[in-house]
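To start, the structure itself, in structure tokens.
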Amino acid sequence: MELSKEDVRNLAKVVELNIPDADLNTVALRLSSLLLLMDRIEKEIGDELDRVDPIPPVYPREEF
Amino acid sequence: MIEEKLAYMSIAEQAALIKKKEISPVQLVDAYLGRIEKWDGVLHSWITVCADAARRDAKHAEAEIAKGNYRGSLHGIPFGAKDQITTGEIPTTMASIIQPDFGEGMTATAVDRLLQAGAILLGKNNLHEFGKGSSVNFHFGEPKNPWNIAYEPSHSSTGSGVSVAAGLVSVSLGEDTGGSIRGPAWANGVVGTRPTFGRVSRYGGIMYAWTQDTIGPLTRTVADNALVLQTIAGHDPKDPLSSTRPVPDYGKQFTEELSGMKLGLVTEMSVGQELHPEVARMLREALEVLKSLGATVEEVSLSKAKYAVPLQFLTSDCDVASVFVRKWLRKHWAKFDVGTRTRIAAAALVPATIYARAMRGRALVRNEVLAAFRKYDALIALMNFVPPLKLEDSVEKIDTNADVAARMFKSRRICTYPFSIANVPAISVPSGFTAEHVPMSIQIAARPFDETTMYRVAHAYEQATEWHRRHPELEKTVGPALGKAARQMAGAK
């Protein structure tokens, strides 16, 4: 998904982040590129994503 | 010249001399302090140098050893810590100017264990701001590669890699979320280990990518690396995710050959990519060495490895942002470096549904990596498809779509992130030099908690080559820049 600077400004309001105009383009580029890549991942392995639990690989232990 | 020889010795060599009382910890600390004074005005590998405290501790170690209370191979050995790892009263700056100290009086367990072993804290190493690896401007000076200062020293635990390579300290502790230990080890020609997640306590590291952050050593040899990891590893009640598994004696498994060892060469992180000719040559030669030691090497495909870079940005960076936004980013936007703040801001805006999908993706990548370990004892990969870049090309400046492809999803990340999100141990081992005298490395990964095999392969390879015996000639590589740096400082005054 290609996000505009205005999209980013509005999204940032949700987390109460006031991004100065000078940085909006860079944030939009970074976020858009990540979302585009996730789109591609969904297209390629989306069904597999549905079938796996998102367990963080952190080796927790059970004390009791 | 004697001091230079001493400075570049391995910990094992220095420890042998200390134990025999042929050198004292005071001599060693003074040698390093003298070299830092001479070279670090150009190299910028330190933020804080604790000269007085280090001399005091060295005298204490000297007295203990004189009385026959030798604690072991790290007694009297100077170490540095990435300035993201807390050290009690010594400030932890995070290479940020937001506040002078983020440490809140904590001492990281890894640091504490080195101190208990008798090692001497020499100071805090420079890093990319907050360890995020995206700095454009450096508040404490831009670290330089001691082999060739025109080339990058890689990202994040940069000062740790530079200082060990330049003979300014014996070992430094770094932090690796995606490749922050292995990257600086690669570019500076030293050994760097990302341990299995849970092998080393995270307590006292100022880091918030809670599913991936690791603390590990950068050293000049594999044996030194194993010694330091063994000292800092093990369960810590202060880190609920640290493992209770016993820590093996890594060095006991070292052999000069690798007969019967099955190694998988990950094609997506090596020969399946377009490689720089010097990297391709280096890889061919490294594989020949491994085969000559008795190992079998087969190509193995990890088809999902290519997803690792966006999956990490869409998960671990969001975990970091969840803390940074409230604590610092809203209030101190302008005091952050532009690379750090725009990276964290982008992560802060990732929808939760996408974060959760990306976490599922990480599980798939990990499953694929673990499946490969059912067939292979260790996996081999490059650290990068190209040698270290010219300094100006390595900066993560994102102004255009082309910058995103070239700088954000660069090939070093493609090589290190798959093992990071799988949370398996991985080591960067020096394996050659370019025509410009810049180091290159291969990467060896092993099953979770099987650092023993990782070190065994790395050690046998290292001993069959001579790369670890080479050190930068600072008079030639840094010397010409010293006068310029002095003139600039005088001009600034």
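The values are calculated or read from the model by the stated rules, or taken from the named source; none is laboratory data. Note that this is a predicted model, so its numbers are computed, not measured. All Cβ positions, glycine included, derive from the backbone under ideal geometry; neighbour counts span all protein chains shown.
Assorted remarks:
- The set of residues from segment B:215-232 being more than 15 Å from B:Ala426 (Cβ to Cβ) and either part of a helix (DSSP H, G or I) or not β-branched (Val, Ile, Thr) (or both) comprises B:Arg220, B:Ala223, B:Asp224, B:Leu227, B:Val228, B:Gln230, B:Thr231, B:Ile232.
- Criterion violated by B:Ser180 - all others in (1) crowded, with 24+ Cβ neighbours inside 10 Å; (2) in a loop (DSSP other than H, G, I, E, B); (3) in contact with a Phe, Trp or Tyr (Cβ under 8 Å, 6 or more places away or on another chain) satisfied: (3)
- Residue tally, condition in contact (Cβ under 8 Å) with a residue 40 or more places away in the chain and away from chain A (no Cβ under 14 Å), over segment B:282-305: 13
- If you go through segment B:62-91 and pick out every residue that is closer than 26 Å to B:Glu175 by Cβ, of a type in the set (A, V, I, L, M) and not in a strand (DSSP E or B), you end up with 2.
- Selected residue [modelled with pLDDT of 95 or more and either of a type in the set (Val, Ile, Thr) or over 24 Å from the mean Cα position of the chain (by Cα) (or both)] from B:Ala308, B:Ala345: B:Ala345
- Residue in segment B:356-365 that is surrounded by fewer than 17 Cβ atoms within 10 Å (Cβ to Cβ), within 10 Å of chain A (Cβ to nearest Cβ) and not in a helix (DSSP H, G or I) present: no
- Only one of B:Val323, B:Val289, B:Val279 that is in contact with a helix residue (DSSP H, G or I) (Cβ under 9 Å, 6 or more places away or on another chain) and surrounded by 14 or more Cβ atoms within 10 Å (Cβ to Cβ): B:Val289
- Matching residues, segment B:199-222, being out of contact with any strand residue (DSSP E or B) (no Cβ under 9 Å at 6 or more places or on another chain) and among the aliphatic types (A, V, I, L, M): B:Ala209
- Of all the numbered requirements in (1) surrounded by fewer than 23 Cβ atoms within 10 Å (Cβ to Cβ); (2) modelled with pLDDT of 95 or more; (3) more than 20 Å from the chain's Cα centre (by Cα), B:Gly483 misses one, and that requirement is (2).
- Residue list for segment B:404-425, restricted to those being more than 12 Å from chain A (Cβ to nearest Cβ), in contact with a Gly (Cβ under 9 Å, 6 or more places away or on another chain) and either surrounded by 24 or more Cβ atoms within 10 Å (Cβ to Cβ) or modelled with pLDDT of 95 or more (or both): B:Arg412, B:Cys415, B:Thr416, B:Tyr417, B:Pro425
- Checked against the criteria, B:Glu396 counts as over 27 Å from B:Ser292 (Cβ atoms) and touching a Ser or Thr at 6+ places or on another chain (Cβ under 9 Å).
- The set of residues from segment B:366-403 being of a type in the set (A, V, I, L, M, F, W, C) and more than 14 Å from chain A (Cβ to nearest Cβ) comprises B:Ala372, B:Ala378, B:Leu379, B:Ile380, B:Ala381, B:Leu382, B:Met383, B:Phe385, B:Val386, B:Leu389, B:Leu391.
To keep it simple, each residue is scored yes or no on (1) modelled with pLDDT of 95 or more; (2) of a type outside the set (Phe, Trp, Tyr); (3) part of a loop (DSSP other than H, G, I, E, B).
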| site | (1), (2), (3) |
| --- | --- |
| A:Glu16 | yes, yes, yes |
| A:Ala22 | yes, yes, no |
| A:Ala28 | yes, yes, no |
| A:Met38 | yes, yes, no |
| A:Glu44 | yes, yes, no |
| A:Ile55 | no, yes, yes |
| A:Glu63 | no, yes, yes |
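- Selection count, segment B:309-338, where residues are among the small types (Gly, Ala, Ser), more than 9 Å from chain A (Cβ to nearest Cβ) and over 19 Å from B:Thr211 (Cα atoms): 0
- Within segment B:46-100, tally of residues that are within 22 Å of the chain's Cα centre (by Cα) and among the acidic types (Asp, Glu): 1
- Scope segment B:255-272; condition assigned to a loop (DSSP other than H, G, I, E, B) and buried (at least 18 other Cβ atoms within 10 Å of the Cβ); matching residues: B:Leu258, B:Met261, B:Ser270
- Within segment A:18-32, residues that are within 11 Å of B:Met408 (Cβ to Cβ) sit with their Cβ atoms under 8 Å from residues that are charged (D, E, K, R) and buried (at least 24 other Cβ atoms within 10 Å of the Cβ), at 6+ positions apart or across chains, in these pairs: A:Arg30/B:Arg343.
- Every residue from segment B:432-458 that is in contact with a Ser or Thr (Cβ under 8 Å, 6 or more places away or on another chain), more than 23 Å from B:Ser163 (Cβ to Cβ) and outside any loop (DSSP other than H, G, I, E, B): B:Ala446, B:Glu451, B:Met454, B:Arg456
- Qualifying residue in segment A:1-11 (condition: at pLDDT below 95 and under 17 Å from B:Tyr355 (Cα atoms)): yes
- Scanning segment B:428-450 for residues that are out of contact with any helix residue (DSSP H, G or I) (no Cβ under 6 Å at 6 or more places or on another chain) and not small (Gly, Ala, Ser) yields a count of 10.
- Unmet requirement for B:Leu275, which otherwise passes all of (1) under 25 Å from B:Gly161 (Cα atoms); (2) outside any loop (DSSP other than H, G, I, E, B): (2)
- Residue that is in contact with a Lys or Arg (Cβ under 6 Å, 6 or more places away or on another chain), more than 27 Å from B:Pro472 (Cβ to Cβ) and touching a residue at least 12 places away in the same chain (Cβ under 8 Å), where the choices are B:Tyr208, B:Tyr203: B:Tyr203
- Sole exception among (1) touching a helix residue (DSSP H, G or I) at 6+ places or on another chain (Cβ under 7 Å); (2) surrounded by fewer than 24 Cβ atoms within 10 Å (Cβ to Cβ) for B:Ala460, by number: (1)
- Scan of segment B:414-431 for residues that are assigned to a strand (DSSP E or B) and aliphatic (A, V, I, L, M), ordered by number: B:Ala426, B:Ile427, B:Val429
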